[in-house]
1. Would you point out which residue out of Thr178, Thr168, Thr201 is open to solvent by 60 Å² or more (accessible area, probe 1.4 Å) and outside any strand (DSSP E or B)?
2. So which residues in segment 312-338 are open to solvent by less than 60 Å² (accessible area, probe 1.4 Å) and within 11 Å of the ligand (Cβ to nearest atom)?
3. If you scan segment 291-309, which residues turn out to be within 9 Å of the ligand (Cβ to nearest atom), of a type in the set (A, V, I, L, M, F, W, C) and part of a helix (DSSP H, G or I)?
4. Run down Gly258, Gly267 and say which single residue is within 20 Å of Ala185 (Cα to Cα), within 13 Å of the ligand (Cβ to nearest atom) and in the same structural domain as Glu297 (by TED's automatic domain parsing).
5. Restricting attention to segment 97-129, and to residues there that are open to solvent by less than 50 Å² (accessible area, probe 1.4 Å), touching a residue at least 40 places away in the same chain (Cβ under 8 Å) and touching a Ser or Thr at 6+ places or on another chain (Cβ under 7 Å), which single residue is nearest to Ala64 (Cα to Cα)?
6. Kindly indicate whether any position in segment 161-181 is touching a strand residue (DSSP E or B) at 6+ places or on another chain (Cβ under 9 Å), closer than 18 Å to Pro20 by Cα, in the same structural domain as Tyr65 (by TED's automatic domain parsing) and touching a residue at least 12 places away in the same chain (Cβ under 8 Å).
7. Considering each of Ile216, Ile193 in turn, give the residue that is in a helix (DSSP H, G or I), crowded, with 22+ Cβ neighbours inside 10 Å, within 15 Å of the ligand (Cβ to nearest atom) and not aromatic (Phe, Trp, Tyr).
8. Go through the residues of segment 121-139 one by one and say whether even a single one is among the small types (Gly, Ala, Ser), modelled with pLDDT under 95 and under 21 Å from the mean Cα position of the chain (by Cα).
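The values are calculated or read from the model by the stated rules, or taken from the named source; none is laboratory data. Note that this is a predicted model, so its numbers are computed, not measured. Cβ atoms come from the backbone with ideal geometry, glycine included; neighbour counts cover every protein chain shown. Heads up: the accessible areas ignore ligands, DNA and RNA and are worked out on the full protein's heavy atoms, side chains in. Shrake-Rupley method; radii C 1.70, N 1.55, O 1.52, S 1.80 Å.
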Amino acid sequence: MTERALELAALGVGQVSPGPLVGCVVVSAEGDVVGEGTYFYEGVTHAEVIALSEAGASAQNGTAYISLEPHSHHGKTPPCTEALIRAGIRRVVVPIEDPNPLVSGKGFELLCEEGIEVVTGIRKEEAECLNEKFIHWHRNGRPFVHLKIASSLDGKCATRTGDSKWITGKESREIGQTLRHDHDAILVGKRTIEKDDPSLTYRGGNTRRRPLQRIILDTDLSISPESKVVKTADETPTVIFCSSSVESERRQLFADFGVDVLEIDGGPRNLPAVMEALYSRDIQGVLVEGGPTVTGEFLDQGIADKLSIFVAPLVIGGTESLASVGGHGAGSLSEAWRLERVSVRQNGDDLEVTGYPVATRVKE
Ligand SMILES: NC(=O)c1ccc[n+]([C@@H]2O[C@H](COP(=O)([O-])OP(=O)(O)OC[C@H]3O[C@@H](n4cnc5c(N)ncnc54)[C@H](OP(=O)(O)O)[C@@H]3O)[C@@H](O)[C@H]2O)c1
């Protein structure tokens, strides 16, 4: 049943940030599923409350399976622990604690005090993976950063003349849209804007609570005001990080288009400061779509929580063609980023490799 609670929680992808994904299944004392609920931020009603109200009197002496520790504090809604106690639930099965240090463990404590059996740890890894952005956000105080790269078999992302569309196939590009749906923001460097003039929008059909924010790193604010991202900034939230030495007239020109121009001390190469600014704007998950200079810089600065490489069966060749990852890179193989918890899947003719970079280098 925990598996079902996680499935229900996943229905909220794209709609709950900066809140958590929560699903709940209520099973009666006789062992029947009598209520199910998913948390959708917009509705604010919590998954537990939805499932319990569907269950009604059948929840008495039953079990609640929930994807995340129920909260015990008065926030926008009354505590879910109260609703569970009132409904007469006898047993609560939850894989993980709430990562928010202010409330973590308190919901479990309260339920135990009321004599409710609390079972934790079942499908813990899946539950953590499902809420990885929310957990990271609370534990580390910065957005979760997912680097996405489209590459040829020989590790290139553009030809020597700059031709880069499209390296990967239709299936990979569709998954790219799913990734955009799963994040609050998409981030690129200024040369990607200059070379490709992308629109950087979410074009899948799924509901989003907040529009995908576009983030561009451009020290001198030198991209063209004619770029698509600038011309459509009044429709789609667009932030450009630049240095504090950019002249006010130039900043005003972009602001007039609706661009949110944010100056960073030391310029946008100062990625921790960029992350801090995004954190303060409630951006929980950032999808970095390059180009290689930006991707390399994120890796060099150790700000990379997840990495997906979509590899197309294509050999570009050429010493002057662009490698998929730039930056300083590793001096020795022992310094190279190694992925753990790796998954590999085939999308059409492309291979997708996703994993979590092990931060050996930043520990030094
Ligand atoms: N295959 C893929 O996955 C993929 C994805 C995207 C793009 N591309 C291709 O990549 C090419 C462009 O990539 P690129 O490497 O030349 O440029 P880029 O990564 O798009 O942009 C790099 C520029 O961004 C600015 N910048 C500001 N803050 C930065 C920071 N913290 N880290 C790094 N850069 C920062 C720098 O210019 P300033 O110093 O002037 O600010 C830097 O030169 C295009 O050909 C595009 O088609 C491929």
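1. It is Thr178.
2. Listed by number, the residues that qualify are Ala312, Ile316, Ser321, Ala323, Ser324, Gly326, Gly327.
3. Val294, Phe298
4. Checking each option against the conditions leaves just Gly267.
5. Leu111
6. Checking segment 161-181: not a single residue is touching a strand residue (DSSP E or B) at 6+ places or on another chain (Cβ under 9 Å), closer than 18 Å to Pro20 by Cα, in the same structural domain as Tyr65 (by TED's automatic domain parsing) and touching a residue at least 12 places away in the same chain (Cβ under 8 Å).
7. Selected residue: Ile193, the only one of Ile216, Ile193 that is in a helix (DSSP H, G or I), crowded, with 22+ Cβ neighbours inside 10 Å, within 15 Å of the ligand (Cβ to nearest atom) and not aromatic (Phe, Trp, Tyr).
8. The answer is no; no qualifying residue exists.
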